[in-house]
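I have placed the structure first, in the form of structure tokens, so that the comments after it can refer back to it.
The values are calculated or read from the model by the stated rules, or taken from the named source; none is laboratory data. It should be emphasised that the depicted structure is a prediction, and the values quoted were computed from it without experimental measurement. Glycine also receives a Cβ, built like all others from the backbone with ideal geometry; neighbour counts cover every protein chain displayed. Side chains included, ligands, DNA and RNA excluded: accessible areas come from the protein's heavy atoms. Shrake-Rupley method; radii C 1.70, N 1.55, O 1.52, S 1.80 Å.
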Amino acid sequence: MEGYKSFLFFLVTSLVLGFTLVIFALVWVLHYSNGLAWDGGNAEFNWHPVLIITGFIFIEGIAIIVYRLPWTWKCSKLFMKCIHAGLHLTATILVVVALVAVFDFHNAQNIPNMYSLHSWVGLTVVILFVLQLVGSIFVYLLPITPVSIRAAFMPIHVYSGLLLFGGVIATALMGITEKLIFSLKTPPYSSLPPHGVFVNTLGLLIAVFGGLIVWIATRPGWKRPPEHVEKSLHPFGSTADDNTADYDKEKSDVELNNEARKRNLKLDDAGQRSTM
């Protein structure tokens, strides 16, 4: 890997920052807000930022860069695809629970749903993310998609994944600002109370974490080496037909080698007779 020490620095920094985001989110809801519960009140709403930051930002960020870890390059491509898809699926489950929490809270408090830009962008990102996940499972994990289609779809898959991750970061920052404006009245948000400063710091850390993930994911020198990719173009390895073809090819090669060996022996024998 080119720039291994640099990669290790960015990786460790992003991991430490990711765990810090989760801790900040828990401190926010447990210390500055009403804790966590499932009772239709503010404590239920608090599941929304915690699960979004944990799943849609931290776990999703790790899912994006998991192929860049050089220690996994000796693993089979199928195994890494399952890890990649599993992390995305985990993030999706947490996001769904986060959405249920916020809609249940709104309904219990008679607050209108889907009226803010944060909710519009957020729901759009979630829907597109789920479509991307389902489509990618069909394209890359099921042995029904031709290799040519997988190769053609890969640039779109990578670009849309990074675009959606950027949308998640932007949506989270909008949501943080919206929540602070609504909840900080005495003292007001404009007076920079400790609550507001702490959550603003969380927003800055989210933006930095997003930048680190995108940087790691877009460095050409930190990509999985091509020779590892070429060995596993099919996610489930060779099919039965491929195995049969390989066996027939090996068998024909052995037969040709045997025939060539016999011809060489005959020629050697004929040469020895002519010499005698």
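Measure off 7 Å from each Cα along the Cα-to-Cβ vector at VAL22 and ALA85, then give the distance between these two points in nanometres to one decimal.
2.4 nm
With a 1.4 Å probe and all protein chains kept in place, how do TRP71, TRP215 rank by accessible area, largest first?
Accessible-area ranking of TRP71, TRP215, largest first: TRP71, TRP215.
Ordering LEU141, LEU30, LEU11 by accessible area with a probe of 1.4 Å, largest first, what comes out?
LEU30, LEU141, LEU11
Can you give me the solvent accessible area of LYS185 with a 1.4 Å probe, rounded to the nearest 10 Å²?
130 Å²
Using alpha carbon coordinates only, what is the Rg to Rh ratio of the stretch 70-183, with Rh defined as the Kirkwood radius?
Taking Rh as the inverse mean 1/r over Cα pairs, Rg/Rh reads 1.07.
Would you check the accessible area of PHE56, probe 1.4 Å, heavy atoms only, in square angstrom rounded to 10?
We get 10 Å² for PHE56.
Output ³J(HN,Hα) for the stretch 186-193: one whole-Hz value per residue in order, computed from phi by the Karplus curve 6.51 cos²θ - 1.76 cosθ + 1.60 with θ = phi - 60°, and x for Gly and Pro.
9, x, x, 4, 5, 8, 6, x
Which log10 I(q)/I(0) values, to two decimals, does the stretch 66-125 give at q = 0.26 Å⁻¹ under the Debye formula with one point per Cα?
-1.05
At 1.4 Å probe size, what's the solvent-accessible area of ILE23? Round to the nearest 10 Å².
100 Å²
Assuming 0.36 nm per residue, please report the length gained on full extension of the stretch THR201 to LEU142 beyond their Cα-Cα distance.
17.0 nm
Starting from the 7 Å offset along Cα-to-Cβ, what nm value, one decimal, do you get for the label separation of ARG150 and ASN113?
Once both label points are built, they end up 3.9 nm from each other.
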